[in-house]
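There's a structure below that I have some questions on.
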Amino acid sequence: MASNKDTHAERLELVEACEEHLDAFLAYATEAQSLSKDRLERAIRDPQAHLRQVRDWSRGVGLTEGRVPVTECWLIRDGRDVVAVSGLRHRLTPHLEHEGGHIGYGVRPSQRRKGYGTAVCRLTLQKARAMGMTRVLITCDTDNVASARIIETNGGALENRVIARETGKMKNRYWINL
């Protein structure tokens, strides 16, 4: 099993969703369907529509009520494989401040426990800083020890725990100063 140190020998790049890496994203989506079933199934069915939608959402176009602009990014390993995906919400609504936060991420199931979660979080935080954000909220289920560790490794300070309104699960709420 690889350790976090292995990611330092690889070339990792965080890119916004793009045509160039669409096939690599589809391989990720096929493997990771269980993480976000509806959204990834739609992406697999119509990759071009998915790409158009995430580009529109990043610009604030076509958002349904209560949604905010979000930039979808792909963590590319060695210029060819999507090993993780993140979403960077440009601002918070009351709902997102309660339990969603600015950043969400997922790691390809076969690539977990190799440091990619920490890397995608770190690079997405850099993107948030470049967008002018000074403070970012990230949440995770309290029983998701791996995600909590990723957030804490990237400077997350636990503010509190809340009950998720939709699922009833306990959520950790972390703030990171950029």
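Using helices alone, what [θ] at 222 nm do you get for the chain, with -39,500 (n - 2.57) per DSSP H run of 4 or more residues, divided over all residues and rounded to the nearest 500?
-9500 deg cm²/dmol
Using square roots of five times the C-alpha gyration tensor eigenvalues, list the equivalent-ellipsoid semi-axes of the chain in whole Å, biggest first.
23, 21, 16
What percent of all Cα-Cα pairs in segment 132-178 falls in each 5 Å bin, counting up from 0?
5, 24, 31, 21, 12, 6, 1
Another one. Under a Cβ-only charge scheme (Lys and Arg +1, Asp and Glu -1), can you give me the dipole magnitude of segment 57-178 about the Cα centre, in debye to the nearest 20?
With only Lys, Arg, Asp and Glu charged at Cβ, the dipole is about 280 debye.
Further question on the same structure: When the label point is put 7 Å from the Cα of Val15 along its Cα-to-beta-carbon vector, which residues of segment 44-60 have a backbone N closer than 16 Å?
Answer for this model: 48, 51-52, 55.
Sorted from fewest to most neighbouring beta carbons within 10 Å, what does the list Glu72, Glu97 look like?
Arranged by neighbour count, lowest to highest, Glu72, Glu97 become Glu97, Glu72.
May I pose another question? At 20 °C and 1.002 mPa s, what whole-number value in µm²/s does Stokes-Einstein give for the translational diffusion of segment 89-158, with Rh from the Kirkwood sum over Cα pairs?
170
What number of lysine-lysine pairs in segment 4-177 show an alpha-carbon separation below 25 angstrom, given a sequence spacing of 8 or more or placement on distinct chains?
Close lysine pairs under the 25 Å cut-off: 8.
Which value in Å does the Kirkwood hydrodynamic radius of segment 59-131 take, with 1/r averaged over all unlike C-alpha pairs and then inverted?
After inverting the pairwise mean of 1/r, the radius is 13.2 Å.
Coordinate-derived values only; no laboratory data. No experiment lies behind these values; they were computed from the predicted model shown. Reconstructed Cβ throughout: ideal geometry from the backbone, glycine too, with neighbour counts over all protein chains shown.
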